Every structure is written in C-alpha cells, then in structure tokens.
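Chemist: Pasting a structure here, questions to come.
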Amino acid sequence: MCGIVGAIAARPVSEILLEGLRRLEYRGYDSAGMTVWDGSQIKRLRRAGKVQALGDALAETPLDGQLGIAHTRWATHGKPTENNAHPHMSGARLAVVHNGIIENYESLKRDLVARGYEFTSDTDTEVIAHLLDSAISSGASVLDAVRDCVAQLHGAFALGVMHQDYPGELITARKGSPLVIGVGIGENFIGSDPLALLQVTDRFIYLEEGDVARLRRLGIEIWNSAGESVERPVLRFEHGSGSVDKGEYKHYMLKEIYEQPRVVHAAMEGRLGAERVLEEAFGVTAPAIFDQVRQVQIVACGTSYHAGLIAKYWIEDLAGIPCMVEVASEFRYRKVVLPKGTLFISISQSGETADTLAALREVRDRILASLTICNVPGSSLVRESDLCLMTNAGPEIGVASTKAFTTQLVALLMTTLVLGRRHELTPETEARIVADLKTLPGLLEQVLGLDSAIEKMAEAFAEKQHALFLGRGTLNPVAMEGALKLKEISYIHAEAYAAGELKHGPLALVDKDMPVVTVAPRNEMLDKLKANLQEVRARGGELFVFAGSRQEVQPEEGVQVLELPPMPGILEPIVYTLPLQLLSYHVAVLKGTDVDQPRNLAKSVTVE
Ligand code: AGP
C-alpha cells in the first residue's frame, strides 16, 4: 500500500525521507519518488521498482534541501511506471504525494482538462496537484488550496503537499487513509505510520478523519473537518524502536515467528488474574456493554478472518451464544440482519484495512457496540470502535501475518471468557482456561524446537505446484491459515478443506504430486480425521502430519509425522499454527522468493 514521508527541518532531509521509505517498504509498493525544495526550485527524482533504485539515483543526483516529501506507490490507477510514481506536480511549483483512492477523479479530470490542464500520468493523484494549482493561481494560499481541494474529493486520502512559494510549510490532510505527524525539536515530519519516522522522533500526533495540518519547523497547526482549529494529543510511541530491526534473523517473518512466545505473553500481561480474565482491560464502559451482549458478529480479512473463524468455535462452545463470522469485503456490501444485542468485533493487525473499517462504519448505528482486536495503537479501527483490546504483538513487518494471528487468538479467547461468564461458562472452566493460557508461551517455545525438522520436511514441497491442507474443528481454520501462508510467500497453490469434505470433491485432486498437510492433535475428532487420512493414502497422496501422538498417527512410507507436545485442547489452534508458519517460511526460502515482501501483496490494505 502507498507510503508517505515528509519533513521540514533545519538540516538536509533527503536521507531522512529515503530511510522513511525504506521503513515503509513492508507495506508493499512498486515505485518510489521524492521532491525536495533546494532553495530555488522543487527538484524531483522518481524510479519504478525498489526504494534502492531511488537511493541509487539520489547518490548520483543528490537532492539538497530542508523541505521534502517522498512516497512509495502501490499501483491502483495506471501501471507501476516512473511516470505514474509520486510526487506528482502541477507545473514546477507544487508537488503532492497521496495514499488512497479518489473515487471522483474522472469527473474532476474532465473538468480540469476542459480548463487547459495537461495530465502527464494515469493516476488519480494528478487531479489533486492540478486542483491545488488552480486554487493557488486564483489567489488562495497553499493551506486554503488544500482545504478547498479536499472538500471536492470523494474517496480516501492522506496527502503531503509542498509549494515553491511556501518553502517554510508542509501541508498535510487525511480522510480514510492513515497519516501521523512526527513531532521533532525544531523540525517536524509526516508519515504513513510511526515506523517511518522512528529514526527521528518517538512523539506522534495521530490525525483524525478530515483533519488538515500545517507543519512549520517550529510549530504544528491542525484544523478539523469543520475548519476549526483543534489540538490533538502528542503520544509517545509505545513499541521499542529496536523491534523494527531484523536482528540475527534472515527475514522479519522468521523473527516474528520466533517472537511468539514473548508476544503471546505480552497479549495476556495485565489481563489475567489468578482465575479470571480482568475485564477492565477492555475499558471502563466494557462491563456494562458485555452485560447486554446476546450475540456476536465478527468481521475481518485474510489471516484476521481465520482468527475470527476459530473464535466462533470458542464463543458458541464456551459462551453458548451465536457468533457469525464474515469477510469484510462481502459483509459491507450486503443487507445484514443484526439482532438486538449484537457485539460487532473487528479483527485487524493494522487497524487500517479499508474493508474492515468500512464494515464497522456501515453497521455502527445498528449494533449494541463495537470492539476491535487490533495491533496498532491509534489506528483508525481503534479510534472508531467503542472498545478495543490491543494484541501487543509489536510491529509486524513481514507481509505474511504470523505473531499478529496468534496474539489475536489470545485476545479472542480472553474475550470469549468475559462474554461466556455472563452466559454458560462456569467459574471453574474459566479458571482452567486461564491456567491453560499461562502455559502457552512455554508450549510455543517447545514447538519452535521442531524448526530444523520442519525445515527438512519443507524440501518435499519446493518442487510441488499444489498442496492441500486438512483439519477438523478449530483446526480447520488453522489449516486455512496454513494454506494462505504457503500460497502468499511460496506462490505454491494451496487450498484448505475441512477434512470431512474431502470425499465431496477435493479427493479427486489427490495423487503423488499433491502433498497433503494435516494438523491432527489428539482430540475427540482424531479418529474421524484418521479415516480421512486413509482416504488420501489409498490414492497415493503423500501425507505430512503435525500430530499430537505418534502412536495414534504412525509414520510409514509416504507419511511423515512430527509430534507436538501434549497440550490443553483449547490451545491447539494457537500452538498448531506455528509449525505451519515455519513450513511455509522454509518452503519460500528454498524457492528463493521475497519472503518479507511477496509479489503483488501489501501489508496494510488501505484501499478497497
Ligand atoms: C496475511 O498474511 C495477509 N497479509 C493478509 O491476509 C492480512 O491478514 C489481511 O490483509 C488483513 O489485514 P489486517 O489484519 O491488517 O486487517
């Protein structure tokens, strides 16, 4: 997804901007560019491809100046070419960077063309540059031009704007796309997220929907969507800046997989009493809201959706209340019936996923309350939900979500317990699950000990084109998540099925070239799952089984078995996720793909 960095300082800014872009690479992009005011004119450099290409260009043609904006573009309108890369300019005096989508750009463009503006790109962003120029040519200041312009835009945007006649000002605005202001000493910055700016500050202002701001070296002024001057709090960034380094690991994804014992602990810290979940963690208004909950609607995308599917099993089984789960991109566009007493739960690592946010906005007036399970403090979902439970996983840089997923599951299990105690859950069962949760970090450590065996297992996949993942019960969504991980980072086509569905179709695909991965803990579904595995073996399919017991699932020719430690059944979907993450990781490394930034994908999907 597009990334924005901007700076106004008393020192050269181009290296700061470039480093900011590097730190935003995890969001996914296909071109990069920057403009800097050099004291007499705005100079621009843009490159298709990686930020490194822009860095190389900058080494050859340095941009020297104290005001600048920069951008990584993830193509939505027009190909990923240098011409379409941001910043976009209107003439030589004004430059703009934009994250988001302008839905009415075609009509705006027609109007601008009729007034003589020539377009040099295929982007929606260029209309913003020309709209600004048009207002400034009519006598508006750059600030007023931005205000005037955003009032005409439909869609989502975060903007950074600089103008030659206003070399002491950096103007920014946001609506529907994320943007933070980094507060420095004698210098100020903008960025799509704090990570881009942790190199220069740890103090941030999170702009609200519709805000416009003017940054000078020595001051920041903000106006809300009604044009009123407003103060926004300056917050200190909560995650340690060291957590964005790869450290000793070859990839962020591997680092994040290995962080899981620590971060699941962080997700529980301060939230578990001796025998119960402390519901104060959800906020002061939470108990009164939870008292009225009669059913739950979960909405999320991708990996976060899989977490929601697991939570459905927990909520219906332990709390005994109905729970619906749906992907946000479908939910937001259909007529949804929401009975009285519905708690709407959104799940999102980033807190900025456009579809999830839109779903929340769609139902806000028809629900009892909204709760978000989220990893990014200050993100849009956190700000717009009635309640939030932060997952505390720390920044997740790898596009493939790992630690965000397992901490979401911890948060969802804690949510199940606070809801359940108002319905069917007994204090004894809650106390048992709380005790179980406390064993989770140790169990995850043990599973990480299987890493080299999983790395060996991965060799069997490197040459394959397809793979099938099977699970039952709460392990069915785990199989779905395993298949998503494999396809997104290794580009192997992978599908997941509830094992009982095998004979209803997918069995036709099984032959010696189709590895079948199965998560098979020792639980009440194991006998049924074993029967499904026999169906695979009988068709010559090669099985890779993560099992609770080698006695129950024995290794043989064509059946590789890795035994996981014994564990409480409630923790199985969390713990069995780890070996599937490691399997995908090692397959991707063997295939030589870009593990942390897989092709065509973005970390934070802030457009529809
Ligand atoms: C997972 O590996 C993906 N990168 C993707 O499915 C992701 O989970 C999805 O885009 C939702 O993102 P969110 O959790 O930030 O809302």
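Chemist: On a full-extension model of 0.36 nm per residue, what is the gain between His154 and Arg361, subtracting their alpha-carbon distance, rounded to one decimal in nm?
Modeler: 72.9 nm
Chemist: What ranking do Glu326, Glu445 get, fewest neighbouring Cβ atoms within 10 angstrom at the top?
Modeler: Details: Glu326 17, Glu445 14.
With the sparsest Cβ surroundings first, the list reads Glu445, Glu326.
Chemist: Now, a different point. To the nearest 10 degrees, how steep is helix 125-137 against the longest Cα principal axis of the chain, on a 0 to 90 scale?
Modeler: Approximately 30 degrees, to the nearest 10.
Chemist: If you don't mind, another one. Sort out for me the Cα centre separation of segment 317-379 from segment 408-436, rounded to whole Å.
Modeler: Segment 317-379 and segment 408-436 have Cα centres spaced 20 Å from each other.
Chemist: Provide, as a two-decimal number, the C-alpha radius of gyration of segment 1-129 over 2.2 N^0.38 Å, N being how many residues it has. It would help to have the intermediate numbers written out before the result.
Modeler: Details: Rg = 14.2 Å, N = 129, 2.2 N^0.38 = 13.9 Å.
Ratio of Cα Rg to 2.2 N^0.38 Å: 1.02.
Chemist: With contacts defined as alpha carbon pairs under 8 Å and 6 or more residues apart, what's the relative contact order of segment 279-373 in percent?
Modeler: Values: 147 pairs, mean separation 31.2, N = 95.
It rounds to 33 percent for segment 279-373.
Chemist: Taking every alpha carbon pair in segment 429-517, what does the distance histogram look like in 10 angstrom bins from 0, in percent?
Modeler: Distribution as computed: 15, 36, 32, 15, 3 percent.
Chemist: A follow-up question, please. For the pairs Lys79/Lys246; Lys43/Lys246; Lys175/Lys335; Lys528/Lys591; Lys403/Lys487; Lys250/Lys485, note any where the Cα-Cα span goes beyond 28 Å. Walk me through the numbers before you get to the answer.
Modeler: Values: Lys79/Lys246 31 Å; Lys43/Lys246 33 Å; Lys175/Lys335 26 Å; Lys528/Lys591 34 Å; Lys403/Lys487 18 Å; Lys250/Lys485 18 Å.
Long pairs (Cα-Cα over 28 Å): Lys79/Lys246; Lys43/Lys246; Lys528/Lys591.
Chemist: Relative to the longest principal Cα axis of the chain, at what angle does helix 142-152 sit, 0 to 90 degrees, rounded to 10?
Modeler: Rounded to the nearest ten degrees, it is 50.
Chemist: Taking only the alpha carbons of segment 330-398, what extent do you get along each of the three principal axes, in Å, biggest first?
Modeler: Result, largest extent first: 36, 21, 14 Å.
Chemist: If one computes the Cα centroid of segment 543-608 and of segment 169-204, what distance in Å separates the two points?
Modeler: Their Cα centres are 37 Å away from one another.
Chemist: I've got another one for you. May I ask you to compute the full-extension gain from Tyr249 to Ala288, defined as 0.36 nm times their residue separation minus their alpha-carbon distance, rounded to one decimal in nm?
Modeler: Separation in residues times 0.36 nm, less the Cα-Cα distance, equals 9.5 nm.
Chemist: Can you tell me the order of 502-509, 513-520 when each peptide is scored by its average per-residue count of other Cβ atoms within 10 angstrom, highest first? Write down the numbers at each step before the final one.
Modeler: On the way: 502-509: 14.0, 513-520: 23.6.
Result, highest mean first: 513-520, 502-509.
Chemist: I would also like to ask the following. Mind checking the dipole of segment 344-503: about its Cα centre, +1 per Lys or Arg Cβ, -1 per Asp or Glu Cβ, Debye to the nearest 20? It would help to have the intermediate numbers written out before the result.
Modeler: Working: 15 positive and 20 negative charges, 52 e Å.
Computed about the Cα centre, the dipole is about 240 debye.
Chemist: Which value in nm describes the separation of the simple spin-label points at Gln199 and Glu106, placed 7 Å from the Cα toward the beta carbon?
Modeler: Taking the two extended label points, one gets 4.0 nm.
Chemist: Also, quick follow-up: Taking the inverse of the average 1/r across all pairs of different Cα atoms in the chain, what Kirkwood radius in Å do you get?
Modeler: 25.4
Chemist: Another question, then. Which order do the peptides 331-340, 490-499 take when ranked by the mean count of other beta-carbon atoms within 10 Å per residue, highest first? Let's see the in-between values first.
Modeler: On the way: 331-340: 12.8, 490-499: 21.3.
Result, highest mean Cβ count within 10 Å first: 490-499, 331-340.
Chemist: What is the local net charge at Met414, summed over the other residues whose Cβ is closer than 11 Å to its Cβ (Lys, Arg +1; Asp, Glu -1)? Please report the intermediate quantities before stating the final value.
Modeler: Details: positive: Arg271, Arg276; negative: Glu279, Glu430.
It works out to a net charge of 0.
Chemist: What does the helix-only formula give at 222 nm for the chain: each DSSP H stretch with n ≥ 4 adding -39500 (n - 2.57), the total divided by the residues, and the result rounded to the nearest 500 deg cm²/dmol? If you can, show how the numbers build up before the last one.
Modeler: Working: 20 runs with 204 residues, N = 608.
Using -39500 (n - 2.57) per qualifying helix, the result is -10000 deg cm²/dmol.
Chemist: Let me see the pair-distance distribution of segment 257-402: every alpha carbon pair, 5 Å bin width, integer percents in order.
Modeler: Going out from 0 Å in 5 Å bins, segment 257-402 shows 2, 10, 18, 23, 23, 15, 7, 2, 0 percent.
Chemist: Related question: What's the magnitude of the charge dipole for segment 29-107 around its Cα centre, counting Lys and Arg as +1 and Asp and Glu as -1 at the beta-carbon? Answer in Debye, nearest 20.
Modeler: Working: 8 positive and 8 negative charges, 7 e Å.
Charge dipole of segment 29-107: 40 debye, to the nearest 20.
Chemist: Something else about it: Over the Cα atoms of segment 132-224, what is the Rg over Rh ratio if Rh follows Kirkwood? It would help to have the intermediate numbers written out before the result.
Modeler: Values: Rg = 13.0 Å, Rh = 13.5 Å.
Rounded to two decimals, Rg over Rh is 0.96.
Chemist: If I take the Cα coordinates of segment 172-272 and project them onto the principal axes, what are the three extents in Å, biggest first?
Modeler: 47, 32, 23
Chemist: Here is a follow-up. State, to one decimal in nm, how far the label point of Asn224 lies from the label point of Ala53, with both points 7 Å from Cα in the Cβ direction.
Modeler: The two pseudo-label positions are separated by 4.4 nm.
Chemist: May I pose another question? Give the residue from Ala531, Ser346, Phe204 lying farthest towards the positive end of the charge dipole for the chain; charges sit on Cβ (+1 for Lys and Arg, -1 for Asp and Glu) and the dipole is referred to the Cα centre.
Modeler: The Cα lying farthest towards the positive end belongs to Ser346.
Chemist: A further question follows. Say R0 is 41 Å: what FRET efficiency, to the nearest 0.05, do Thr76 and Asp527 get from their beta-carbon distance?
Modeler: Values: r = 50 Å, r/R0 = 1.21.
Between Thr76 and Asp527 the formula returns 0.25.
Just so you know, all these numbers are worked out from the coordinates, no wet-lab data involved. Because the structure is a prediction, the values reported are computed rather than measured. A quick note on method: Cβ atoms are made from the backbone with ideal geometry, for glycine too, and the neighbour counts reach across all protein chains shown.
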